[in-house]
Amino acid sequence: MTSEVCRGTIAVRIGEREGSFIPQRKFIHLELRSVNIRPESSSANSEEADWGYDEANGKITVRLAESSGAIAVELGF
């Protein structure tokens, strides 16, 4: 996984699953902490993503469908 902050955007890239193990989970919850600004938008692989912002704790949670492929998440501010 890699992340990058650039000009009002946070981008997180989750690589493809490795190996033959297939998890039983249906979703992945990506947490970003110490974010003091509420995002205006969130997308996963260029589609709108389900997300929430906990202002009191400065935490963004993005709900992602389990996938064997790479996932690109972008948050716009």
> Would you pick out the residues in segment 40-55 that are surrounded by fewer than 10 Cβ atoms within 10 Å (Cβ to Cβ) and in contact (Cβ under 8 Å) with a residue 12 or more places away in the chain?
Replying inline: Glu40, Ser46
> Among the candidates Ile37, Ile10, Ile28, which residue alone is open to solvent by 100 Å² or more (accessible area, probe 1.4 Å) and either in contact (Cβ under 8 Å) with a residue 24 or more places away in the chain or in a loop (DSSP other than H, G, I, E, B) (or both)?
Replying inline: Ile37
> Out of all the residues in segment 10-48, which are under 12 Å from Val62 (Cα atoms) and of a type in the set (D, E, K, R)?
Replying inline: Glu31, Arg33, Glu48
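The values are calculated or read from the model by the stated rules, or taken from the named source; none is laboratory data. Quick caveat, the model's predicted, so the values are computed rather than measured. Quick reminder, even Gly has a Cβ in these numbers, built from the backbone with ideal geometry, and neighbours come from all protein chains shown. Heavy atoms of the whole protein, side chains included, go into the accessibility calculation; ligands, DNA and RNA do not. Shrake-Rupley method; radii C 1.70, N 1.55, O 1.52, S 1.80 Å.
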